[in-house]
Amino acid sequence: MPKPIRISRRSWIAAWAVLCAAGLAATAGLNASSAPDPRSEKPVSAECAERIADIETQPAKAKREDKGDGVLVFSRIQVGTEDDCRGDLRNHFRGDR
C-alpha cells in the first residue's frame, strides 16, 4: 500500500484561505448580479394619491380618539376597473416606492 502524501499545516491553512477567498468573491459576484433592476417610477393617479393621503392620516386620527393602533383599509372601487388603486396602495405601504 502506498504511503499517503503528507501535507504541512501551512499548506492546509493556505488552501483553506484560498477556498474562502474564492467563496467570498463568488458570493459577492452573485449578489451584485442578482440585484433587482431599479424600477422606473410610474406616476400615481390623483385619485390614488388622495386615497393614500387619506389612509396615512387615519392612524393619527385613531391615536387621538384612542381607538387602537391599527387601520383596516377597503378598496372603494370595483377591482379590475381603470381606477383600481390596489397596486399603488400595495406598493406605497410595502415600501416598494
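Computed values, structure above
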| item | result |
| --- | --- |
| Ordering of 3-10, 25-32 by packing [mean C-beta count within 10 Å, highest first] | 25-32, 3-10 |
| E50 accessible area, assembled protein chains, probe 1.4 Å, Å² | 130 Å² |
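The values are calculated or read from the model by the stated rules, or taken from the named source; none is laboratory data. These numbers were taken from a predicted model, which means no experiment stands behind them. Reconstructed Cβ throughout: ideal geometry from the backbone, glycine too, with neighbour counts over all protein chains shown. Heavy atoms of the whole protein, side chains included, go into the accessibility calculation; ligands, DNA and RNA do not. Shrake-Rupley method; radii C 1.70, N 1.55, O 1.52, S 1.80 Å.
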